[in-house]
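Novice: Just passing along the structure, written as structure tokens.
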Amino acid sequence: MKRRLFKYITILLFASLTLPTAVIAQDSLATSTDSLQVAATAVVEKVAAEEAPATLDSGNTAWMIVATVLVLMMTVPGLALFYGGLVRQKNVLSIIMQCLFITGVISILWIAFGYSWVFGTSFMESDSALGAIIGGWDKVFLCSLTLDTLTAGNIPEILFALFQCMFAVITPALIIGAFAERIKFSGYVVFIILWSIIVYNPMAHWVWGGGWLQEMGAIDFAGGTVVHINAGISALVMALMLGRRKGYRTIGHPFTPHNIPFVFIGTALLWLGWFGFNAGSGLAADGLAANAFLVTHLATCVAAVAWMSLEWFLYKKPTIVGFCTGAVAGLVAITPAAGTADVPGAFAIGGISALVCFFMVAYVKPKLKYDDSLDAFGVHGVGGIVGSILTGVFATQAITGPEGVQGALYGDWNQLWIQVVATGASVVYSAALTFILFFIVNKTIGLRVSKEEEAVGLDISQHGEYAYSENE
């Protein structure tokens, strides 16, 4: 009896020890099977994704349509009103006409061959040396693009081409501020067309289209070098070579803006449009766009308040024109860094740009006595240089990601050096080509109006129109 009882107890103990082990082994086997199934599913999905054609992202596409409209609004009516309000009453229509002309003709040239020169790939794919300078002829008149051709962000490439068209439009329009009130319209037409083809298109390819500056690793999220340094340096060359306006700094009083409410409205439209300019440059409705939106607004506010504060402290009066000018300086400086800077970087870039640009406009320009009529160089050129270099300081992987670029503040001094080289290259190329184009156009067609035409005003002498009725 005892022997049988011992036998039963032994069987029970053995069962109690082995049963959990068997259950655990079964669960492990099931888990392993599930893991294998998950891995196999992931592989199948990856292969399917690689084989399946990209599909249009309607959210990104909708946002980019809005961003394109916003950037167009920066030129007409934004810049036209901003610059138009700053000039004298007899020249406001000339500013508006120059902005309208640029919008029309540059858009045509861009679609015809400008987009292909910047973002084409035929020269690079054929290993031609020209690939470092311009893209090619494969996208002339957008002939190789269809409704289903998608680009980064899974948006239609024809929409990307139109978005970039607005950058090609506003860049030469910025130069207007340097030679306002004294340029012949016929000479202006030829110069602007040549400048857009020979200066803007190659530089845009260098930085955005796969050219040598992009290959070097230069950061220009939305146009610090391509747009603002390019236009600002050309503006300085034009101002110096064209000469000062009749009576500038010799008649005992400055040339005051004729319509400050226009300046305010133009600034407001530029500020609003700049969100499409910067936040749209990521080509997606995502966190990067949100950050670009945030830092753009923040840097602008910091720069505007800093400029106003300087003016108030030094001259005892805060002015609307000063606040608006500071806001534009902040917008310019944050542009190249909008995709890499965080909130502290935006604070710093906004503040530094206001200080440097204010110094250039309030002290350097009067000291050197060059007539940059509406401070195109002092704000866009200098602001672009400040922003481009500071991008190499404040770029952070908190925005660019764990494998992204970072600036000198975070240990990567090489990125700062790359930004300095890109900035220097932009300055030299823009200055040299603008000088050559000015010389050619001035010798063949002429660029400056006569003293009589300048005295009566460009509105009537160049366009035969008055902005305001004579009895007002």
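Novice: What spacing in nm lies between the two simple spin-label points modelled at residue 125 and residue 468, each 7 Å away from Cα in the Cβ direction?
Specialist: About 5.7 nm, to one decimal.
Novice: While we're looking at this one, here's another question. Tell me, what is the 1.4 Å probe accessible area of residue 389, in Å² to the nearest 10?
Specialist: Roughly 60 Å² of residue 389 is accessible to a 1.4 Å probe.
Novice: I would also like to ask the following. How many nm separate the modelled label positions at residue 66 and residue 133, each set 7 Å beyond the Cα in the direction of the Cβ?
Specialist: A separation of 4.2 nm, rounded to one decimal place.
Novice: Then there is this: Which is farthest toward the positive dipole end of the chain among 300, 206, 105, measuring Cα position about the Cα centre, with Cβ charges +1 (Lys, Arg) and -1 (Asp, Glu)?
Specialist: Selected residue: 300.
Novice: Just to confirm the filter: which trypsin sites (Lys or Arg not before Pro) across region 209-294 are DSSP coil and have at most 16 other Cβ within 10 angstrom of their Cβ? Spell out each step's value before the answer.
Specialist: Details: sites: 244, 245, 246, 249; in loops: 244, 245, 246, 249.
Hits after loop and neighbour filter: 244, 246, 249.
Novice: Dividing the alpha-carbon radius of gyration of region 316-391 by 2.2 N^0.38 Å (N being the number of residues), what value is obtained? Provide the component values of the computation, followed by the final result.
Specialist: Working: Rg = 12.5 Å, N = 76, 2.2 N^0.38 = 11.4 Å.
It is 1.09.
Novice: Hey, with R₀ at 35 Å, roughly what FRET efficiency would residue 448 and residue 215 work out to, going by the Cβ-Cβ distance, to 0.05?
Specialist: It comes out at approximately 0.30.
Novice: Which percent of the accessible heavy-atom area of region 59-131 goes to carbon and sulfur, probe 1.4 angstrom?
Specialist: On the way: 1960 of 2530 Å².
Summing carbon and sulfur atoms, their accessible area is 78 percent of the total for region 59-131.
Novice: Under 5 Å between amide H atoms, partner at least 5 residues away or on a different chain: which partners does residue 151 have, H built in plane at 1.01 Å?
Specialist: The list, which skips near neighbours in sequence, is 157.
Novice: Checking a compactness column here: for region 79-199, what do you get for Rg(Cα) / (2.2 N^0.38 Å), N being the number of residues? Provide the component values of the computation, followed by the final result.
Specialist: Working: Rg = 16.9 Å, N = 121, 2.2 N^0.38 = 13.6 Å.
Dividing the Cα Rg of region 79-199 by 2.2 N^0.38 Å gives 1.24.
Novice: Taking the Cα centre as origin and putting +1 on Lys and Arg beta-carbons and -1 on Asp and Glu beta-carbons, what dipole magnitude results for region 191-317, to the nearest 20 debye? Write down the numbers at each step before the final one.
Specialist: Numbers: 6 positive and 4 negative charges, 172 e Å.
Around 820 debye, computed over region 191-317.
Novice: Still on this model: Could you tell me the relative contact order of the chain? Use alpha-carbon pairs under 8 Å, at least six residues apart, and round to a whole percent.
Specialist: Numbers: 835 pairs, mean separation 97.3, N = 472.
Over the chain, the number comes to 21 percent.
Novice: Which sequence of 121, 434 reflects their accessible areas, 1.4 Å probe, from the largest down? Walk me through the numbers before you get to the answer.
Specialist: Numbers: 121 45, 434 0 Å².
Putting 121, 434 in descending order of accessible area: 121, 434.
Novice: Now for a separate question. Within 10 Å, at most 14 other Cβ atoms, and a DSSP state outside H, G, I, E, B define an exposed site. Report the longest part of the chain free of exposed chymotrypsin sites (Phe, Trp or Tyr not before Pro). Could the numbers behind the result be given before it?
Specialist: On the way: sites that count: 137, 468.
In the chain, the maximal stretch lacking such sites is 138-467.
Novice: Still on this structure, please answer the following. Work out from phi, with θ = phi - 60° and the Karplus expression 6.51 cos²θ - 1.76 cosθ + 1.60, the ³J(HN,Hα) of each residue of region 174-181, listed in order in whole Hz, and give x for Gly and Pro.
Specialist: For region 174-181, the Karplus curve yields 5, 5, 3, x, 7, 10, 4, 6 Hz.
Novice: For residue 258, what accessible surface area do you get with a 1.4 Å probe? Give it in Å², rounded to 10.
Specialist: Near enough 50 Å² of accessible area.
Novice: Calculate the radius of gyration of the Cα atoms of the chain to one decimal place, then report Dmax, the largest Cα-Cα distance, as a whole number, both in Å.
Specialist: Spelled out, the Cα radius of gyration and Dmax of the chain are 29.5, 135 Å.
Novice: Is any residue of region 79-105 close enough, with backbone N under 15 Å, to a label point placed 7 angstrom from the Cα of residue 260 along the Cα-Cβ axis, and if so, which?
Specialist: Counting backbone N atoms under 15 Å from the label point, the list is 85-87.
Novice: Considering just Cα atoms, how many Å³ per residue does the convex hull of region 147-231 enclose?
Specialist: In region 147-231, the Cα hull volume divided by residue count equals 105 Å³.
Novice: Based on the Cβ-Cβ distance of residue 286 and residue 414, what FRET efficiency does E = 1/(1 + (r/R0)^6) give at R0 = 41 Å, to the nearest 0.05? Mind dumping the intermediate values first?
Specialist: Working: r = 28 Å, r/R0 = 0.68.
E between residue 286 and residue 414, to the nearest 0.05, is 0.90.
Novice: Also: Can you tell me the orientation of helix 2-51 relative to the chain, as the angle in degrees between its alpha-carbon axis and the longest Cα principal axis, to the nearest 10?
Specialist: Its long axis makes an angle of about 30 degrees.
Novice: Working from Cα positions, state the angle (0 to 90°, nearest 10) between the long axis of helix 185-195 and the longest principal axis of the chain.
Specialist: Roughly 30 degrees between the two axes.
Novice: Where does the chain land at 222 nm, in deg cm²/dmol rounded to the nearest 500, when only DSSP H runs of n ≥ 4 count, each adding -39500 (n - 2.57), divided by all residues? Don't jump to the answer; show the numbers that get you there.
Specialist: Values: 21 runs with 306 residues, N = 472.
So the helix-based figure for the chain works out to -21000 deg cm²/dmol.
Novice: In square angstrom, rounded to the nearest 10, how much accessible surface does residue 138 have for a 1.4 Å probe?
Specialist: 50
Novice: Continuing with this model, one more query. Whole number in Å², please: accessible area per residue of the chain, 1.4 Å probe, ligands, DNA and RNA not counted.
Specialist: Numbers: 21130 Å² over 472 residues.
About 45 Å² of surface per residue is accessible.
Novice: Along each principal axis of its Cα atoms, how long is region 431-472 end to end? Whole angstroms, biggest number first, please.
Specialist: 46, 18, 14
Novice: I've got another one for you. Among the listed pairs 367/443; 317/369; 90/316; 139/443; 139/184; 246/367, which are separated by more than 26 Å between their Cα atoms? Mind showing how you got there, number by number?
Specialist: Values: 367/443 30 Å; 317/369 24 Å; 90/316 30 Å; 139/443 34 Å; 139/184 34 Å; 246/367 18 Å.
Table pairs above 26 Å Cα-Cα are 367/443; 90/316; 139/443; 139/184.
Novice: Continuing with the same structure: Leaving ligands, DNA and RNA out of it, rank 456, 393 by accessible area with a 1.4 Å probe, largest first.
Specialist: The residues order as 456, 393, largest area first.
The values are calculated or read from the model by the stated rules, or taken from the named source; none is laboratory data. Everything numeric in this text was worked out from a predicted model, so none of it was measured. Ideal geometry is used to build each Cβ from the backbone, glycine not excepted, and the neighbour counts take in all protein chains shown. Heads up: the accessible areas ignore ligands, DNA and RNA and are worked out on the full protein's heavy atoms, side chains in. Shrake-Rupley method; radii C 1.70, N 1.55, O 1.52, S 1.80 Å.
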